[in-house]
Structures are given as structure tokens and as C-alpha cells.
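Below: one structure, written as C-alpha cells.
Just so it is clear, none of the values below were taken in a lab; they were calculated from the coordinates. Here the structure is a predicted model, which is why all the values come from computation and not from measurement. Here the Cβ is made from the backbone with ideal geometry for all residues, glycine too, and neighbour counts use every protein chain on show.
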Amino acid sequence: MSHEVVKFDLVSLLSSLGESLAEFENGFPLDDFAKGHYQQHPFVTLLTCCDSRVPPSMLGDTFNRVFCVENIGNQVKNSEGSVLYGLLHLQTPLMIVAGHTECGAIKAATSDFASEPSALVNELTTVKSSLDQACSGIKVDLATASPTQVQLSELNVDVQIDLLLNHAEIAPLVQRQSLQIIGVMVDLHNFYGEGYGKVYTVNVNGEKDVEAIKQMDKIGVFAAKAKRLPK
């Protein structure tokens, strides 16, 4: 799980963070906040990998718009309570599950992680369980899986959406069309061949067929972004 460590100058870093805090304070959207009676009214629950290269801001301004749930490998089970809060209490009409290329959690879960701290082992075990489930669905043994790491990330998104669709309290929301669940992949490394940082729709309410997704006129730009890597 090791990666190249970048050394920061702490004094310069804290100074720049001070500038960021000042910008947030000075630009705080008080008028809009007041119109909503100072409550939160997000339109989307976003379950994403906590990888720092996949910021919630990919959906635009996040303030009072995005209820963000982050963990390694974007796992429902590792943050189920937070996901349910967004969907059942905040009642966001949209749920997005976001995976990404070169996911460290996916790589770690397919390696020997037994020596990691117990809390990390627990989370990676959940990721590995998702990958085992995904590979079982396509009749492939994870230990000898032919899919690339990126395809495993796609399949991992599928598993999370399946978990949501089979959840006793979430399934009725989808069935009565008060909730739309969309799975996306963020291509940080141009594996899909159309440029770095592109976002692709890989699953909509359990539908994984790219051509079928492209015909969904109710999901806006996400229809045109439908794409999966060839198996």
C-alpha cells in the first residue's frame, strides 16, 4: 500500500490554508443559506472514494448541495449509516457512487494486507468482499481475475449499487422513482482513452448496458457519458 511520499513545508502549507479559510469565510453564501432557514438541503448523496484526487467538487459547488460520504474503495457497508442518513433523512433524490482508476483500496484488497492495522484490515476486508462478489457474478476467481484493476473498480461500483437496490429501506425509493442511483468512474489516468479526468457513467439503477443507458433521457448529461471498458 506504499506510495511515493511528497514532503511539504508545514509553514507554507498552513499559510496557504489560512488563505483558503479566509476565502471560504469571505465568500460564505449567507443569503442562500438564510433562505433555507440555515438547514441543509443537498440534492445528492455522493458515496465516493476518499482518494484526494476525486474531490466532491467535481459536482460543482458542494455547499448545501452535496452530502458527501467518503471511504477507501467507496464501500456502502463501511459507511451505511451515513448513506442512509442522506437518503432517508435528507431525502436526496439522487445517489451517486463514484469509483476511479488506479484505486489504492482496490489494489490493496487484491494483495496481502494482513499486516496492516486492524481498522484498516477491517475496511479492506469489506473491499475484498465486494470484489469477490463482483468476480463471482462474472464467474471469475478474484485470485486469478482477468479483469484489470480499472475493470475491478467498475465492478466494485456495480456491487455497491446492487447493495443499495437490495436494501429494504432504499429499494422502495427507487421503485417509486423518488431516487435515482447512478454509478460513475473518474478516469484519472486516461484508461478510457478520451483524456485525463473524464467522468463516465457505468451503471444506472442496476443497468450496466452502455447503449441502454445512452437511451435514458431522464438522466441528462449522464446518458451521453455512458461508457465501460471492454471485457
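Remarks
For (1) touching a strand residue (DSSP E or B) at 6+ places or on another chain (Cβ under 9 Å); (2) closer than 24 Å to residue 222 by Cβ; (3) among the small types (Gly, Ala, Ser); (4) surrounded by 11 or more Cβ atoms within 10 Å (Cβ to Cβ), each residue gets a yes or a no:
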site: 21; (1), (2), (3), (4): no, no, no, no
site: 25; (1), (2), (3), (4): no, no, no, no
site: 31; (1), (2), (3), (4): no, no, no, no
site: 35; (1), (2), (3), (4): no, no, no, no
site: 41; (1), (2), (3), (4): no, yes, no, yes
site: 47; (1), (2), (3), (4): yes, yes, no, yes
site: 58; (1), (2), (3), (4): yes, yes, no, yes
site: 65; (1), (2), (3), (4): yes, yes, no, yes
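- Screening segment 4-19 for residues that are exposed (fewer than 10 other Cβ atoms within 10 Å of the Cβ) and among the aliphatic types (A, V, I, L, M) and picking the one that is farthest from residue 104 (Cα to Cα) gives 11.
- Members of segment 43-72 that are among the charged types (D, E, K, R) and over 17 Å from residue 86 (Cβ atoms): 51, 53, 61
- If only residues of segment 54-84 that are in contact (Cβ under 8 Å) with a residue 12 or more places away in the chain and of a type in the set (Ser, Thr, Tyr) are counted, the one that is nearest to residue 169 (Cα to Cα) is 82.
- Scanning segment 158-198 for residues that are under 15 Å from residue 103 (Cβ atoms) and surrounded by 18 or more Cβ atoms within 10 Å (Cβ to Cβ) returns 158, 159, 160, 183, 184, 185, 186, 187, 191.
- Breaking point among (1) of a type in the set (A, V, I, L, M, F, W, C); (2) in a strand (DSSP E or B); (3) in contact with a helix residue (DSSP H, G or I) (Cβ under 7 Å, 6 or more places away or on another chain), for residue 96: (3)
- Against the list (1) free of Cβ contacts under 8 Å to residues at least 24 places away in the same chain; (2) in contact with a Phe, Trp or Tyr (Cβ under 7 Å, 6 or more places away or on another chain); (3) among the hydrophobic types (A, V, I, L, M, F, W, C), the condition residue 185 fails is (1).
- Listed by first and then second residue, the pairs with beta-carbon distance under 7 Å, at least 6 apart or on different chains, first residue in segment 205-231 and in contact (Cβ under 8 Å) with a residue 60 or more places away in the chain, second hydrophobic (A, V, I, L, M, F, W, C) and loosely packed, with under 12 Cβ neighbours inside 10 Å, form an empty list.
- Flag: residue 74 matches the condition of being in a loop (DSSP other than H, G, I, E, B) and either exposed (fewer than 12 other Cβ atoms within 10 Å of the Cβ) or among the polar types (S, T, N, Q) (or both).
- Against the criterion of being aromatic (Phe, Trp, Tyr) and buried (at least 16 other Cβ atoms within 10 Å of the Cβ), residue 113 qualifies.
- Subset tally (residues that are in contact with a Phe, Trp or Tyr (Cβ under 9 Å, 6 or more places away or on another chain) and within 16 Å of residue 75 (Cβ to Cβ)) for segment 101-123: 2
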